[in-house]
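Only one structure is covered here, and it is reproduced in the block below.
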Amino acid sequence: VPTSSETLNIGYSRDDSLNPFFMTTGINKDLISLVFEPLFYLDDSFCARNGLASSYSIQDNVLTVKLDTSAAFSDGVQFSSTDVIYSFNKAKESNNYKSELSSILSASATSSDTVVFTLSTNCINAVDSLTFPIVKSTTADNVAYIPVGTGLYSYVVSETEARLDYNPYCRKPQPNIAKVKLIPITPASTLLHTLELGTIDAYFDDFSAGSYSQANAASTKTNLSNLVFLGMNSNSYGLNSAAVRQAVYFAINRQAVVKNSFKNYAVASAVPYHPEWHILEESEYDISFLNLDYSSSQTLLNQAGIAGTVNYTLIVYSGNNFKVAAAKEIQASLKNIGINVIIKELTWDEYNLALTDNAYDLYIGEIKLPTNMNLSTLFSSSGPLKGVSSADTTFSAYEEFSSGKITIDAFTQSFLQNMPFAPICFRTGALIYSNDITPAADCDIGNAYKNVYEWEIIH
């Protein structure tokens, strides 16, 4: 057991569950990687790295995972396939993971160290979805349960306090900090102020609130799978033409949006995949030319017979400063090709009503994609996209790509030809931590406290 008397202070919501399958607040979800391990971790290219899994193989619609059964839970009980099946079924029922696992139909154990996942389609990167937390069987049945994990720390909860104690059975290197004190924080918007006061030592921010404040603290970024895009109403004048939608696409200054609107907490993307996604390394399609190009935009508008100034209404949720700023950046860009954008900043209810009633030409939207970049939900007739033409063939092209009938390059070309929406960027999150912590923090997707075992607090 670590002999250091240092304690790391991290905020949590006392009103929310500590069970990862029932949590609703981001502040509690950030604790998951401290207590539980997944089968696979994801690096910043959304590529699976072994966690509780030792290897995997995939053939057709079957993904077979071998387990590292040298792992044990914090109560000393050995980890096995029984715990994986239990955790998978809980995750499939959970709002926190069911979207991520939508392409996996079922799981079964063939031995204590082997689990077989049945996939809905032949998906070569389905393993990238196996990031749900593994808990000890029967310990997470309802919202009040405090589950047992194999992570670096374990929950210790009483009427007077909540903390994390070092788990001596964890296979990770022994941490310098043996205890993590959980500090009740309400509301989560006060985390930065609480950090600067020294009440807590670190917290993760995905900037979903759409605001950023300069902090007197250190930070490290990680990629997210949240795609921000410009939706276009195919029922509007001009936008019923793919050429006009392409013209809008080429006129967006994505780099300016990332820098000025999202304060560099985003990564520009010209396609509906994260540009650092490891599968794109296999692509031969050059997306580097898909940058700001007013000349191409003007040519496309001329070909479509659009002359003079066109007026389009762009709706955006008023409660997100990043997106309001992005709308203004796009407004400035489209002005260069003769498109006058009228921005309407709406409340959340007004925004959703306008989308439902087709009362818009353009809109700023966002969707959190599964980390394996599965676009099935996005490219479906019942999906969340609004304004897409019924004649768009991108949906069928994606089905062909998903089933292996066409390449990722062929799908990308189909997407660009139809342009159902215009990708803008993927948001970035960051671990914000005290300047008293050394060495520098390391952070990955879903694993904000990646190298916490190395941390020391220097006062």
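The values are calculated or read from the model by the stated rules, or taken from the named source; none is laboratory data. The structure displayed is predicted, hence computed values, not measured ones. Neighbour counts run over all protein chains shown; Cβ positions are idealised from the backbone, glycine included. Calculation scope for accessible area: heavy atoms of the full protein, side chains included, ligands and nucleic acids excluded. Shrake-Rupley method; radii C 1.70, N 1.55, O 1.52, S 1.80 Å.
Some points to look at:
Residue by residue, here is whether (1) in contact with a Leu (Cβ under 8 Å, 6 or more places away or on another chain); (2) part of a loop (DSSP other than H, G, I, E, B) holds:
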residue	(1), (2)
V115	yes, no
V127	yes, no
E196	no, no
I200	yes, yes
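- Scope region 34-56; condition hydroxyl-bearing (S, T, Y) and either at pLDDT 95 or above or surrounded by 22 or more Cβ atoms within 10 Å (Cβ to Cβ) (or both); matching residues: Y41, S54, S55, Y56
- Residues in region 349-371 include none that are open to solvent by less than 40 Å² (accessible area, probe 1.4 Å), in contact (Cβ under 8 Å) with a residue 12 or more places away in the chain, touching a Cys at 6+ places or on another chain (Cβ under 9 Å) and outside any strand (DSSP E or B).
- Just one of (1) out of contact with any helix residue (DSSP H, G or I) (no Cβ under 7 Å at 6 or more places or on another chain); (2) assigned to a loop (DSSP other than H, G, I, E, B) fails for P272. It is (1).
- Checked against (1) surrounded by fewer than 19 Cβ atoms within 10 Å (Cβ to Cβ); (2) assigned to a helix (DSSP H, G or I); (3) under 23 Å from the mean Cα position of the chain (by Cα); (4) among the β-branched types (V, I, T), V258 passes all but condition (1).
- Hits in region 299-321 - residues which are open to solvent by 70 Å² or more (accessible area, probe 1.4 Å) and either of a type in the set (F, W, Y) or in contact (Cβ under 8 Å) with a residue 40 or more places away in the chain (or both): Q303, Y317, N321
- If you go through region 275-306 and keep only what is assigned to a loop (DSSP other than H, G, I, E, B) and in contact with a Phe, Trp or Tyr (Cβ under 6 Å, 6 or more places away or on another chain), you end up with W277, D293.
- Criterion: crowded, with 16+ Cβ neighbours inside 10 Å, touching a Pro at 6+ places or on another chain (Cβ under 8 Å) and in contact (Cβ under 8 Å) with a residue 60 or more places away in the chain - qualifying residue of Y145, Y203, Y166: Y166
- Among residues of region 388-415 that are of a type in the set (D, E), those with a Cβ under 7 angstrom from a residue that is at pLDDT 85 or above, sequence gap 6+ or separate chain, pair up as D392/N418; D392/P420; E400/I406.
- Between T190, T222, the distinction of being β-branched (V, I, T) and without any contact (Cβ under 8 Å) to a residue 60 or more places away in the chain belongs to T190 only.
- All told, E345 meets the bar of being part of a strand (DSSP E or B), open to solvent by 30 Å² or more (accessible area, probe 1.4 Å), out of contact with any Leu (no Cβ under 8 Å at 6 or more places or on another chain) and farther than 21 Å from L119 by Cα.
- Among the candidates L182, L191, L230, L195, the residue that is buried (at least 19 other Cβ atoms within 10 Å of the Cβ), within 18 Å of L8 (Cα to Cα) and at pLDDT 95 or above is uniquely L182.
- Qualifying residue in region 394-408 (condition: part of a helix (DSSP H, G or I), under 24 Å from the mean Cα position of the chain (by Cα), farther than 30 Å from I330 by Cβ and small (G, A, S)): yes
- Candidates are the residues of region 396-445 that are of a type in the set (D, E) and under 13 Å from T220 (Cβ atoms); the one that is least open to solvent (accessible area, probe 1.4 Å) is D444.
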